[in-house]
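To keep things clear, I will list the structure first and then write my remarks on it.
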Amino acid sequence: MNNFLHHIPVSQLADYIEGSLPLTKRVELETHLAVCSRCSDDLAQLERLIGLMRTDTSEDAPSSVIDRAVRLFQSRAERESASSGFRNRILAVLHFDSIGLSPAFGVRSGAPGARQLLFHAGVDEIDLRIEPAGQAWLLSGQVLGESKAGGIAILQGAEETSEAILNELSEFTLPPVQKGIYKLTLNLTNVDVEIEDLRIGL
């Protein structure tokens, strides 16, 4: 019975040439070779290659040249791994602010005094909502776009800093803050998005 449903792996062809296959496996392989021209061609090419390797009389390069080549590849790999540690930084651009809009009565909207802002940040859009929470202000938002879910939102002001983790939908809600001018940084998987001069409650 032929156990080779497709073609013979190169490793088994090499074992066949070296004579290290068990007798039953060798018979199966020879039966397949008799009817499969592709595997027969592969075997012939492998036999030629092994023959060339056995008769090769060329000398190895000097050890100093080999060491230098190894060091070149190592330094290149180190440079690439170091550069992969750099993160892109994007400054978000505001393209919608609901503060100047008159209310659309009859349309479902957020809490009174709530403000919505939309920012463009590379391949992503940042949707922010600022709403009153007693004497303080609550900032929440969501990253919409191609960035992977997860990350941290960091809000920095003159006197306070707060942060929140983005959930699986890239949403976040920061602890309430006092009115003021803040900087919001979103540390996403592969990029840092910054929103500067964010006026909360002003």
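The values are calculated or read from the model by the stated rules, or taken from the named source; none is laboratory data. Just so it is clear, the structure is predicted and the values come from calculations on it, not from any experiment. A quick note on method: Cβ atoms are made from the backbone with ideal geometry, for glycine too, and the neighbour counts reach across all protein chains shown. For accessibility, only protein heavy atoms count, side chains too; no ligands or nucleic acids. Shrake-Rupley method; radii C 1.70, N 1.55, O 1.52, S 1.80 Å.
Strands (runs of 3 or more DSSP E) fully within the range 142-200 that include at least 3 residues being surrounded by fewer than 16 Cβ atoms within 10 Å (Cβ to Cβ): 161-165, 180-187, 191-200. Does the range 18-39 hold any residues that are hydrophobic (A, V, I, L, M, F, W, C) and either surrounded by 15 or more Cβ atoms within 10 Å (Cβ to Cβ) or touching a His at 6+ places or on another chain (Cβ under 8 Å) (or both), and which are they? 21, 29, 33, 36, 39, listed by residue number. Taking the criterion of being on the phi > 0 side of the Ramachandran plot and acidic (Asp, Glu), the only residue of the range 182-202 that qualifies is 197. With respect to the conditions (1) at pLDDT below 90; (2) part of a helix (DSSP H, G or I); (3) open to solvent by less than 40 Å² (accessible area, probe 1.4 Å), residue 4 falls short on a single one, namely (2). Of the listed requirements (1) within 20 Å of residue 187 (Cβ to Cβ); (2) at pLDDT 85 or above, residue 115 misses just one: (1). Residue by residue through the range 55-92, note down the ones that are within 30 Å of residue 125 (Cβ to Cβ) and either at pLDDT 65 or above or open to solvent by 100 Å² or more (accessible area, probe 1.4 Å) (or both). Listed by number, the residues that qualify are 86, 87, 88, 89, 90, 91, 92. When the range 125-157 is filtered for residues that are modelled with pLDDT under 85 and either closer than 20 Å to residue 96 by Cα or not polar (S, T, N, Q) (or both), the ones remaining, listed by number, are 145, 146, 148, 149, 150.
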